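The block underneath contains the structure these notes are about, expressed in structure tokens.
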Amino acid sequence: MTQCAEAYGAVTKDQYRDAMATVAAAVNVVTTDGPAGRAGFTATAVCSVTDSPPTLLVCVKRDSSVGEAFRANGGLCVNTLAPEHTALSNMFGGKTPSEERFAAANWTTACTGAPVLEGALASFDCRISSVVDVGTHAVLFCEVLHIGGGAPRDALIYVGRRYDSLPACVGT
Ligand SMILES: NC(=O)c1ccc[n+]([C@@H]2O[C@H](COP(=O)([O-])OP(=O)(O)OC[C@H]3O[C@@H](n4cnc5c(N)ncnc54)[C@H](O)[C@@H]3O)[C@@H](O)[C@H]2O)c1
Ligand SMILES: Cc1cc2c(cc1C)N(C[C@H](O)[C@H](O)[C@H](O)COP(=O)(O)O)c1[nH]c(=O)[nH]c(=O)c1N2
């Protein structure tokens with residue numbers, strides 16, 4: 001592998017981001033509440049790991065205002081967004097104060113204490129089972145304890161540094 005790194009030269013941050021910008025991703029608002037307080041952020045770096053035990057992962061920037069609250073609370077809810085949530089995604093993805101982020105939508109409370117977005121495509125209430133730090137991000141491995149929603153509906157996607165919608169795929 002060392003010879004490959006030498007042959008190729010280093011991949012720059014910009015090269016990496018430009019390539020990742022071509023990869024379409026679902027958009028989620030990931031939330032938590034507990035002793036460290038309520039917090040939430042927009043995340044595309046979310047994916048399924050295994051169905052036994054049902055586990056997904058979430059990557060969160062370690063120097064963001066929200067990262068520490070997730071680790072400390074130990075639970076979270078992944079709320080997958082629909083096209084009507086584009087403005088909400090921007091609020092949870094920027095420098096908007098936490099109170100304003102949550103005031104922009106209606107929420108219920110999951111068993112872990114995490115806010116559940118009313119109208120989300122799907123909501124995954126999770127216990128954080130382990131955390132691995134990789135570079136600038138913490139990878140949160142999350143055991144799914146409860147699921148809400150999940151019926152086929154149009155999805156919000158993020159690709160080419162902009163939002164788009166993907167029609168629901170019903171049937172085969
Ligand atoms: N994984 C992430 O942390 C992540 C993902 C998407 C967007 N963002 C943030 O949202 C803002 C807008 O992003 P954009 O897509 O319009 O343009 P961009 O050029 O910042 O990012 C392009 C793509 O690169 C990846 N990316 C961006 N920042 C990253 C990071 N710090 N670590 C790992 N992957 C990263 C994502 O897949 C993103 O869609 C930026 O501030 C970006 O940092 C962060
Ligand atoms: C479409 C899109 C997608 C993502 C993000 C942004 C946007 C607009 N952000 C950035 C993240 O939401 C932002 O850093 C948080 O809101 C925390 O910001 P504050 O530090 O609270 O301002 C983000 N951050 C992160 O740690 N992991 C991720 O997967 C993503 N994905």
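Worth a mention:
- For first residues located in the stretch 21-34 and under 17 Å from ILE147 (Cα atoms) and within 12 Å of ligand 1 (Cβ to nearest atom), partners that are outside any loop (DSSP other than H, G, I, E, B) and of a type in the set (Lys, Arg) and lie 6+ apart or on another chain with Cβ distances below 6 Å do not occur.
- When residues in the stretch 97-126 are screened for being surrounded by 14 or more Cβ atoms within 10 Å (Cβ to Cβ) and outside any loop (DSSP other than H, G, I, E, B), 12 of them pass.
- Residue pairs meeting the criteria (Cβ under 8 Å; at least 6 apart or on separate chains; first within 10 Å of PHE41 (Cβ to Cβ) and outside any helix (DSSP H, G or I), in the stretch 85-96; second near ligand 1 (Cβ under 10 Å from one of its atoms) and not hydrophobic (A, V, I, L, M, F, W, C)): GLY93/THR42
- When residues of the stretch 4-24 are limited to those that are in a helix (DSSP H, G or I) and surrounded by fewer than 10 Cβ atoms within 10 Å (Cβ to Cβ), the one nearest to ligand 2 (Cβ to nearest atom): LYS13
No lab work stands behind these numbers, since they all come straight from the coordinates. Note that this is a predicted model, so its numbers are computed, not measured. Note that each Cβ is placed from the backbone with ideal geometry, even for glycine, and that neighbours are counted across all protein chains shown.
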